[in-house]
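Colleague: Following this message is one structure expressed as structure tokens.
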Amino acid sequence: MATKNIMIVGVGGQGTLLTSRILGGLAIAGGYDVKLSEVHGMSQRGGDVQSNLRISSEPIHSDLIPLGSANVIISLEPMEALRYLEYLKKDGWVVTSTVPFVNIPNYPAEEELQKHLAALPNCVSLNVEQLAKDAGAPLQAANMVLLGAAIPMLDIEFEKIEAGIRRIFARKGEEVIEKNLAAVRAGYENSIKK
């Protein structure tokens, strides 16, 4: 596998770090070289959280994604997706939630955000909170919906994601596993690049 550069961005408490650890764990279990870097910012107060995840069948020497090199930006918040566009490759994908997390006084109008996202050549925008609710999963599983929506862009088989979720949430019991899997399936089924 050629190096896959994945940025996972959001606001503190949305599950950004968990999502990156799930993907990183899956890649390690698959025998790939993985580098993961996290920037927490003021994450406990609703601040910016960013993970750089690099996966390759060859050795990776840096954990940071250079500008213009991200294959995929997975964003749990629409403004955060736009904040990191300079890292996206020309043919890269943005997979983002449409649900704003208004944490600053001058937060842009939702219509403006949606207009900018709609102008991107490769973008999947979903109301992940509604999809989680419709799937019978808790609101906290919105990050799993987004992970499911990104699966086609990551070139990872759905079955491997499912196995990883079963392993990671095993100690929390079957009900938690099934709710997270339902959220992942909801995102996967609503992704446009299946």
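Colleague: For the chain, report the translational diffusion coefficient in µm²/s to the nearest whole number, using Stokes-Einstein at 4 °C, 1.567 mPa s, and a Kirkwood Rh over Cα pairs. Could the numbers behind the result be given before it?
Modeller: On the way: Rh = 16.5 Å.
Value of D from the Cα-based Kirkwood radius: 78 µm²/s.
Colleague: Turning to a different aspect of this structure: Label-point separation (nm) for E112 and E129, each offset 7 Å from Cα along Cα-to-Cβ?
Modeller: Going from the E112 label point to the E129 one covers 2.0 nm.
Colleague: Right, something else. Give me the net charge of R54's neighbourhood, meaning all other residues with Cβ under 10 Å from the Cβ of R54; Lys, Arg count +1, Asp, Glu -1.
Modeller: Values: positive: K4, K35; negative: D33, D63.
Around R54, the charge tally is 0.
Colleague: Next up: Please report, in whole Å³, the volume per residue of the convex hull around the C-alpha atoms of region 66-143. List each step's numbers first, then the result.
Modeller: On the way: hull volume 7.8 nm³, N = 78.
Roughly 100 Å³ of hull volume per residue.
Colleague: Ok, one more. Explain nothing, just the number: relative contact order of the chain, from Cα pairs under 8 Å at least 6 residues apart, as a whole percent. Intermediate values should be presented prior to the final figure.
Modeller: Working: 406 pairs, mean separation 37.7, N = 194.
Here the relative contact order equals 19 percent.
Colleague: Of K133/K160; K35/K89; K115/K179; K90/K160, which sit over 30 Å apart, Cα to Cα?
Modeller: K115/K179
Colleague: Highest GNM mean-square fluctuation, the chain, Cα pairs closer than 10 Å: which of N122, N71, N180?
Modeller: N122
Colleague: Roll a 1.4 Å probe over the protein chains and send me the accessible area per residue for the chain in Å².
Modeller: Working: 9340 Å² over 194 residues.
Ligands and nucleic acids excluded, the figure is 48 Å² per residue.
Colleague: Normalised by the empirical 2.2 N^0.38 Å for globular proteins, what value does the Cα Rg of region 33-103 take?
Modeller: Compared with the compact-globule rule of thumb, region 33-103 sits at 1.17.
Colleague: Need the full-extension length gain, V39 to K90, defined as separation in residues times 0.36 nm minus the C-alpha distance. One decimal, nm. Can you show the working numbers first?
Modeller: On the way: separation 51, 0.36 × 51 = 18.36 nm, distance 2.41 nm.
Stretched out fully, the V39 to K90 stretch lengthens by 16.0 nm.
The values are calculated or read from the model by the stated rules, or taken from the named source; none is laboratory data. All figures in this text were calculated on a predicted structure; none of them were measured in a lab. When we count neighbours, we look across all protein chains shown, and the Cβ atoms used for this are built from the backbone with ideal geometry, even at glycine. Accessible surface areas use protein heavy atoms only, side chains included; no ligands, DNA or RNA. Shrake-Rupley method; radii C 1.70, N 1.55, O 1.52, S 1.80 Å.
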